[in-house]
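Have a look at the structure below, then the notes.
The values are calculated or read from the model by the stated rules, or taken from the named source; none is laboratory data. Computed from a predicted structure; not experimentally measured. Methodologically, a virtual Cβ is constructed for each residue, glycine included, from the backbone with ideal geometry; neighbour enumeration extends over all protein chains shown. When the accessible area is computed, the model is the full protein with side chains, heavy atoms only, and any ligands, DNA or RNA have been set aside. Shrake-Rupley method; radii C 1.70, N 1.55, O 1.52, S 1.80 Å.
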Amino acid sequence: MEKVKVGVFGGGRGRNFITEAINSPYMELVAICDKHEGVLRGLKEYAINSGVKNVAFYSDFDEFIQHDMDAVIVANYAHEHVPYSIRLMESGRHVLSECLTCATMKEAVELIECVERTGKIYNYAENYCFTPVRWEMRNRYRRGDIGELMYAEGEYVHDAAGIWPGITYGERNHWRNIMSSTFYCTHSIGPILYMTGLRPVQVCAFETPNMPYMRELGTRSGTLGVEIITLENGAFMKSLHFNMKHTRHSNYQLNGDLGALQDLANGEIAVYTEKPGQRTHGNHETYTPGHIIAAGENSGHGGGDFYTTHYFIQSILGDEEAKANAIDVYTAVDMCIPGTLGYVSIAEGNKPIRLPNLRNPEERDAYRNDTRCTFPEIAGDQLIPNNLYGDPEIPDEVFENVKKLPTIW
């Protein structure tokens with residue numbers, strides 16, 4: 001059986017992909033790169049215990065990229081994916097990118113044009129698209145069961161306060177501490193776009209103030225981000241995400257002119273359908289769909305980690321169905337830029353912002369030098385502060401205290 005030689009860049013966020021590579025009959029894990037020696041030591045032990053011995057370990061990307069690899073899973077810090085993805089594709093490798101797609105509109109243009117220029121496969125690992133319920137919602141919407149979409153909701157509500165010490169290490173300038181409130185948006189937006197195949201065309205965004213329970217952990221940004229997004233067919237969706245207290249972790253729903261679909265967040269789908277002209281008294285049903293591929297049953301993120309890697313590898317091997325099911329660069333950018341330009345909307349008084357269709361080369365020039373974001377080293381002189389409420393700087397002792405706090409999973 002032909003195997004794709006795979007490397008993983010980023011051992012922390014890449015741990016689940018390492019597991020998928022080890023377990024897949026189509027992948028050969030050949031190299032892992034992470035700047036933290038402690039992470040590499042743990043992964044060496046994990047590989048050996050998993051029966052994988054011929055894996056090279058690197059702490060330097062410039063050495064890692066010289067390794068003999070067909071494809072690389074990019075799982076480094078979430079605001080740094082594009083520069084490394086471009087280097088890898090230009091070196092002849094296919095790329096599967098962890099979340100997020102890009103940090104700026106400039107990067108969105110550069111990423112798309114690199115994929116077009118090199119002809120390499122680029123897939124996006126938005127794993128929240130691939131649970132059995134969301135697969136079922138996609139299939140039922142696309143076969144017309146609820147008619148034309150009118151409204152949708154995507155909610156990824158992750159109260160990460162407990163794990164914040166373990167994922168930011170008490171670093172003042174860790175990307176999670178300086179990201180905008182709308183940056184980490186594709187877990188909420190992505191599944192809706194994947195289900196419907198619709199493109200976002202406008203965003204108007206909002207945020208809450210920075211709340212004390214996150215401020216005392218070192219972040220200055222708004223605690224909760226919300227985007228109201230207009231889709232190309234005139235429907236609109238609400239995207240809500242990140243550090244809010246919650247009664248359930250996620251919610252996805254589609255409301256059409258003939259019915260509705262909802263992920264009940266317990267493995268079940270709720271469906272309401274009417275026949276054309278029926279107007280009311282349609283059919284209600286609730287059921288638990290199964291995985292479309294059995295191997296996804298024991299994979300992380302409800303099977304999402306399996307499907308993203310499976311379709312990526314099968315696309316490399318020429319499977320046309322896999323290419324149709326994978327998230328390509330254009331859809332990946334569509335999932336991300338409502339958050340990118342959503343924060344511009346917030347900074348400009350919640351103004352509606354048009355979202356370009358970067359599939360069209362003529363729409364790219366306006367964004368070719370657009371580095372607006374909250375990451376200083378990326379934004380340059382286009383930096384937007386991650387706190388628009390005028391809150392004072394967080395004192396150093398906060399970060400020293402975070403370094404001492406336990407991580408509560």
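Go over the candidates Ile178, Ile229 one by one and state the one that is buried (at least 21 other Cβ atoms within 10 Å of the Cβ) and within 30 Å of Gly282 (Cα to Cα).
Values: Ile178 fails: within 30 Å of Gly282 (Cα to Cα).
Step by step, each of Ile178, Ile229 is checked, and only Ile229 is buried (at least 21 other Cβ atoms within 10 Å of the Cβ) and within 30 Å of Gly282 (Cα to Cα).
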- Note on the structure: Going through (1) crowded, with 17+ Cβ neighbours inside 10 Å; (2) under 28 Å from Ala108 (Cβ atoms) one by one, Ser24 fails only at (2)
- Restricting attention to the stretch 369-393, and to residues there that are open to solvent by less than 50 Å² (accessible area, probe 1.4 Å) and touching a helix residue (DSSP H, G or I) at 6+ places or on another chain (Cβ under 7 Å), which single residue is farthest from Ile178 (Cα to Cα)? Asp370
- Selection within the stretch 69-99 - in a loop (DSSP other than H, G, I, E, B), open to solvent by less than 10 Å² (accessible area, probe 1.4 Å) and either among the hydroxyl-bearing types (Ser, Thr, Tyr) or modelled with pLDDT under 95 (or both): Cys99
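Output the residues belonging to the stretch 288-307 that are buried (at least 23 other Cβ atoms within 10 Å of the Cβ) and either among the aromatic types (Phe, Trp, Tyr) or at pLDDT 95 or above (or both).
The initial filter retains those residues of the stretch 288-307 that are buried (at least 23 other Cβ atoms within 10 Å of the Cβ), namely 299, 303, 306-307.
Hits for the stretch 288-307 are Phe306, Tyr307.
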- Item | Any hit, the stretch 352-360, residues being in contact with a Leu (Cβ under 6 Å, 6 or more places away or on another chain), over 30 Å from Glu136 (Cβ atoms) and in contact (Cβ under 8 Å) with a residue 12 or more places away in the chain | yes
- Kindly check whether there is at least one residue in the stretch 216-223 that is at pLDDT 95 or above, outside any loop (DSSP other than H, G, I, E, B), crowded, with 18+ Cβ neighbours inside 10 Å and of a type outside the set (S, T, N, Q). no
- Task: Go through the stretch 181-197 and give me each residue that's in contact with a Leu (Cβ under 8 Å, 6 or more places away or on another chain), farther than 18 Å from Pro352 by Cβ and either open to solvent by 20 Å² or more (accessible area, probe 1.4 Å) or among the hydroxyl-bearing types (Ser, Thr, Tyr) (or both).
- Result: Tyr184, Thr186, Ser188, Thr196
- Would you mind stating whether Glu107 is surrounded by fewer than 24 Cβ atoms within 10 Å (Cβ to Cβ) and at pLDDT 95 or above? no
- Task: Show the residue pairs that are 6+ apart or on different chains and have beta-carbon atoms under 8 Å apart, the first residue being within the stretch 314-325 and in a loop (DSSP other than H, G, I, E, B), the second being of a type outside the set (Ser, Thr, Tyr) and open to solvent by less than 20 Å² (accessible area, probe 1.4 Å).
- Result: Leu317/Val4
- For Asn369, indicate whether it is more than 22 Å from the chain's Cα centre (by Cα) and of a type in the set (S, T, N, Q). yes
